Each structure stands twice: as C-alpha cells, then as structure tokens.
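One structure is given here, and the rest of the page talks about it.
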Amino acid sequence: MLDKALTGSKRYWTWIIILLGIIGAGVISYLRQFDYGLGVTGMSRDVSWGFYISQFTFLVGVAASAVMLVIPYYLHDYKKYGKIVILGEFLAIAAVTMCVLFIFVDLGQPMRVMNVILHPTPNSILFWDAMVLNGYLFINLIVGWVTLTSDRKGMPPPNWIKFFIYLSIPWAVSIHTVTAFLYAGLPGRHFWLTAVMAARFLASAFASGPALLILLCLIVRRVSKFDPGYEAIQSLGKTVTYAMFANVFLLGLEFFTAFYSQIPGHMHPFVYLYAGLEGHGKLVPLMWASSILAIVALIMLVNPNIRKKEGMLAFACVMVFISLWIDKGFGLVVGGFVPNMFERVTEYWPTLPETLITLGVWAIGFLILTVLYKIAIAIREQTASWPELH
Amino acid sequence: MSINRREFLKLAGTSTLIGLTGISAVEEILKGNAEASVLPSPAALTAKRWAMVIDINKIGTKEEYEKITQACHSIHNVPDIGNKKDEVKWIWQEDYEHSFPGISDEFVPDHIKHKPFLLLCNHCAKPPCVRVCPTKATFKRPDGIVVMDYHRCIGCRFCMAACPYGARSFNWRDPRPFVKETNPEFPTRTKGVVEKCTFCSERLAKGLKPACVEASNGALIFGDLEDPNSEVRKVLSTKYTLRRKPEIGTGPSVYYVIGGNEHAG
C-alpha cells in the first residue's frame, strides 16, 4: 500500500519538500545538540525540563484521542465514524512517534537509551510510560494497517483484529494516565502534585485531539475526493465541546484549591504563570492568551448555530488547539519548576536550536501523518462508491 | 633421577594447562572466596545509616563556608562553569528563608536570618530520585547513601524533577574544561549525566570522613544515625535541630542546628 504515497500532485510534493526542509533544519540543530550537550537549550539546573518534555506530554494527549472515534464506532456502532476512524488511528501513530522522538531528543545520553530495557525498573513511571507508548504505537499500527488492507480488498476486517481494537480503548486511557503519573507523584512539586492531573490530561486530550482531527478532516475534504462527512465532523465537534468544558472545569478546581486554601506553595506556580512572580512573568501573556482562547472557543462551541457552520467550527477548533497547546505544551511543565525548590524564580525560554529541533520533530510527525493519510485517502477514494462494509 | 622426553612433555603440558585455565582461581570461585575481593577494607568506615548534622553557629565567616564547598568540589572534580544556567554544585550556600521555605519565620534573630546555610543532598530514607530513575542509575546503598552510576545514567533528568531539595545537577555541557585541577582519584563526568553529593562514599571506603566534614572545624558532624552512641545522635539528643521539608516524608538525613546555644552570635 505504501506505493500510494509515492504518487501525488505537485501540491502534495511541495508539502513533502517543505516538511523535509524543516526536518533538515531540525536534524542539523540536533547534531549540534548531540555534540555540545543539552546546554544549547534554554533549560537549566532549576528548570530541567522544557519544550521537549512539554511537547511530549501534549502529544500523548493527541495520540490518546483516537479512542474518541474508536469507542463510538466499535462499541456503539456509530456508523458515521466508519470512514474516519482510520484517520484517528493514523493520527495516533504520528503523535506517538513524535512522543518517542521528543523523549529521545531530551536525553542527555541518547546512546544509552536502551538502558531502560536492559535494566527494567518497574518502580519508575518512565519505564511504564515507555512500555505503554510503544504498546500503543504497535496496537495502532496493526489495527490501522489490517483494517485498511481489508477495506482495500472490499472485505470485512478479520475477527482477530477486534481484540486489538478493544484493547486500544483502555490502552489509550493508560498512556495519558501514566504520563500524568510522571508528574503527579512527585513530592515537593506543588503544581503537579494533584490527584486530578490524569483526569485533566484526559479531558484536554479529548478536546485537543478531536479538534485537530476536525481540522484534518476539513483539509482532507479540500485536497481530495474523500469526504469524511458533515455529520461525523459535527459529532467530533460535540466531543471537543464536552471535553473542553471538562478541562476548563478541572483547571478551575486547581485554582480553587490553590487560592481558597491560601497555601503559598500551591499558589506560587499559578501566580507565576498568570500574574508573574518577583518581577518575572515571561509566560503571563501566553497563559492569558490560552485562557481567552479557551473562553471564546467555548462560547462558540456551546452555541449549536455557530458550531454547525463548518467554518466557525474550524475556527473554534484552531483556538482550542492553540489554547491547550499553550496550557499543556508549555505552561504545565514550566509551572512545575517555577518557583524552584528554594522558592526562587529562574525563568525558562526555549532557544533557537531547541525550537528548530522541536519543529523538526513536529515535521517528522506531519510527514508520517501525510504519508499515512495519503494512503488512507487513496483507498477511500477507490472504495467510495462501494456499499458500507460493516 | 632423570625424566625422559615423553614424561617431560607430559609434565610441561599439564602445568601449562593449569596455568592457562587458572585452576586455582576456579577453585577459589567454587569455594565462594571470590566475594572476598569486593568486601570493604578493614579500615573503611561503616554505618547502618549515615547522617550529617550541620551546626551553623560553628561556621562564622564566608571564607569558612567557601572552604567547605571548595574542599568538596576540588576533590570531586566539580566544574566551575561560571554561569547559573549550566551550574553544577554538590554543596553550597543558601539563606535561611530559602533553605526552609514554608517553615522559615519572618521574625527570627538577625544572625539566623542573614546566616548562610549549607545545602547538599539529604540522602533521604525514602529517596524520590531513586524511585523515579528508569535505569537504577541512582540507587540507595545499604548504609543509606544515595549514589549515582554515571555510566548508566541516560540523562532523562526525572531525578531532578523528583528531588524536593534541588540537590541534583545536570551536565548541560562537557564539564572537563571547567575543572581547574583534575583529581585523578575520582572520576570526571561527561556531558549529559546527572550528579550530586555522594557523602564521600569513596573516602568512607578508605576510612576517611567526608571532605566537607574534615574542612569544617567541627561544624559538620558525621555519623551513624542508628547507633545511639554515635556523634550525630549525641548532638541530636542535646540540641534542637531542623530538617528540610520533613513533612513530605522523604526522611532527609541532614540535620541543622539553628541556634540557642553558646556558639550563637
């Protein structure tokens, strides 16, 4: 099936070349980092995780969101998702690949990465995260590939694949829960030490992932003859709406606990992020942008008349995605480190090489996504005239 | 007595074989004596759980503080990179307020408020850094010391996120050009690994107390927390001490004598 990714329009190849260019810049920056060390980034003794780990965290959510298609389609027989469930699974593959790459570029000694396997350490959440992420990648590869191959042949998928499809549901929840546990079990990091961390991760995941999926569906419809379907996109819009409300609600709980209790350690990270602390406030404009985008998006999404207009839905989805990216793909990690263990403020901002490496990994993800979507779309275009399979 | 050519060859062959295969070594291993080669030297200082008491009243001048840090950093090849972002430190100064956030009071005697405290790895009873390390590169020894295997560390920095005491440093760049005088007795580190205080486990093995203790003129007391007759226990039973963030249950092994004795002032 891979051959289908090798033929395409001029526009397709231009997009591929742009991605390859960004990847090239990322690879060159990574070689510099590999040679010099992680000192090329903006990270420091006080803020020892930065952009890489926050991108990883955000993308685990995007990957987990495939389950928002799998559950309605396979458990509730919601047929409208039949055509696009593959888009969710392929998005998961691209997102998990990015996750793994972000962990890799964050390592100080990347050549020793296999030590995680050679010296398995079950008490480390990172060990479990590596296990569940690779498992999820494997499950989605096998499910996506087998179902698409069956579709191409005009056959229903083999029965044994059902096992992996059902397995993918709890597994999707597990990847984001385990990722939340990386943070939520650390004594002394007030911002992260919260029982709702995993719940909030899942809520934000089920908003950001489907929001991206809606945008991808609209792009797919524009660049190909394959139409994901108005109703499917609208249903995804409802998922985004509910999940985004849940996310904002859970964030509100965090604010209440911190500020009603008035415990300084709990308040300080929020004060730093949203108002600035001791004259330091690099993230303040971003966090407010995130909040405003979230509120405007919710006002648009909750109103069915606006949501039903695809252009407006797309606009709201862009806002949801950016809002959650700022919140989780930046603020969440930095807020855990500021103020530091001595209640002092050291700020963090990514450097140019760090940004280029980050963009490079995103570009690799989008390259994988493009190739996989190209294959899926080519097969969907072929089978568009065929009757429903399931 | 003379041996013929055939007998000579037999003898030579057998002894060569013994020499080559090292039968004596094999016998030693079978008898279980190989373990003996990693037993501590008789001179080594041992304990059930090592701990330190820092009496800040006994350290007066800034120079005395610097001498202690210098004693540690020089023998452990800790680089002096000269910027805060890349900083590596094992034992350093911090003021009262920031050493004890959450429990530091606003109204305390000036000599405490402005006195620097010495901070270092707390060698916790339940170290979060050990719990989170995905490769067992950082681990707790039976004597309570939390140490690092610099060759196994993958540089994920999970331990730095987990340490509630900010005791860990990462080598953001090659540290070797910033080590003024390399001590060949202790390994230098490479870029991309985490490091921290080891309670001088390498000195204890030779029967020496930690370098900071030796350089402190009695202000730093080192001993076995589980031995009621040890020096640290004697201090702990006579003077009121503080530990950093005891409420989070990590069980830090570094105690601070704050004040209220004849050395105050």
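Laboratory data are not the source of any read-out in this text; all were calculated from the coordinates shown. Owing to the predicted nature of the structure, the values given are computational and were not obtained by experimental measurement. Cβ sites come from the backbone with ideal geometry, for glycine too, and all protein chains shown count toward neighbours.
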Looking at A:Leu359, is it buried (at least 20 other Cβ atoms within 10 Å of the Cβ), under 21 Å from the mean Cα position of the chain (by Cα) and assigned to a helix (DSSP H, G or I)? no
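How many residues does region B:149-169 hold that are within 7 Å of another protein chain (Cβ to nearest Cβ) and either in contact (Cβ under 8 Å) with a residue 60 or more places away in the chain or among the small types (Gly, Ala, Ser) (or both)? Give the derivation first.
Let us first name the residues in region B:149-169 that are within 7 Å of another protein chain (Cβ to nearest Cβ), namely B:152-158, B:160-162, B:164-166, B:169.
Then drop every residue that is not either in contact (Cβ under 8 Å) with a residue 60 or more places away in the chain or among the small types (Gly, Ala, Ser) (or both), which leaves B:155, B:161-162, B:164-166, B:169.
Within region B:149-169, residues that are within 7 Å of another protein chain (Cβ to nearest Cβ) and either in contact (Cβ under 8 Å) with a residue 60 or more places away in the chain or among the small types (Gly, Ala, Ser) (or both) number 7.
Do the conditions hold for A:Val320, that is, is it more than 21 Å from A:Asn140 (Cβ to Cβ), more than 14 Å from every other protein chain (Cβ to nearest Cβ) and among the aliphatic types (A, V, I, L, M)? Let's see the steps before the verdict.
Numbers: more than 21 Å from A:Asn140 (Cβ to Cβ): yes; more than 14 Å from every other protein chain (Cβ to nearest Cβ): yes; among the aliphatic types (A, V, I, L, M): yes.
Spelling it out, A:Val320 is indeed more than 21 Å from A:Asn140 (Cβ to Cβ), more than 14 Å from every other protein chain (Cβ to nearest Cβ) and among the aliphatic types (A, V, I, L, M).
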Return only the number of the condition from (1) more than 14 Å from every other protein chain (Cβ to nearest Cβ); (2) crowded, with 18+ Cβ neighbours inside 10 Å; (3) within 30 Å of A:His266 (Cβ to Cβ) that A:Ala195 does not satisfy. (2)
Taking A:Gly8 as meeting all but one of (1) more than 14 Å from every other protein chain (Cβ to nearest Cβ); (2) in a helix (DSSP H, G or I), write down the number of the exception. (2)
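Would it be correct to say that A:Asp77 is closer than 30 Å to A:Pro170 by Cα and within 14 Å of chain B (Cβ to nearest Cβ)? Before the answer, list the steps.
Values: closer than 30 Å to A:Pro170 by Cα: yes; within 14 Å of chain B (Cβ to nearest Cβ): no.
Taking the combined requirement at face value, the residue does not satisfy it.
For region A:53-118, please list each of the helices (runs of 4 or more DSSP H) lying entirely inside it that holds at least 3 residues being closer than 18 Å to A:Asp129 by Cα and β-branched (Val, Ile, Thr). First the steps, then the outcome.
Details: elements: A:67-70, A:85-106, A:115-118.
Hits in region A:53-118: A:85-106.
For region B:44-83, give me the residue count where each residue is of a type in the set (Gly, Ala, Ser), assigned to a loop (DSSP other than H, G, I, E, B) and surrounded by fewer than 19 Cβ atoms within 10 Å (Cβ to Cβ).
Of the residues in that region, 3 qualify.
Considering only residues that are in a helix (DSSP H, G or I) and over 16 Å from B:Ala125 (Cβ atoms), which ones fall in region B:218-256? Spell out how you get there, then give the answer.
Just the residues of region B:218-256 that are in a helix (DSSP H, G or I), to begin with: B:231-238, B:246-248.
If the condition is that a residue be in a helix (DSSP H, G or I) and over 16 Å from B:Ala125 (Cβ atoms), then B:Glu231, B:Lys234, B:Val235, B:Ser237, B:Thr238 are the ones that fit.
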Check off (1) at the interface with chain A (Cβ under 9 Å from one of its Cβ atoms); (2) within 30 Å of B:Asp110 (Cβ to Cβ); (3) small (Gly, Ala, Ser) for B:Ser216 and give me the number that stays unchecked. (1)
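Can you confirm whether region A:227-236 contains a residue that is within 14 Å of chain B (Cβ to nearest Cβ) and more than 22 Å from A:Ile326 (Cβ to Cβ)?
No: zero hits.
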Of (1) surrounded by fewer than 24 Cβ atoms within 10 Å (Cβ to Cβ); (2) more than 9 Å from chain B (Cβ to nearest Cβ), A:Gly42 satisfies all except one. Which? (2)
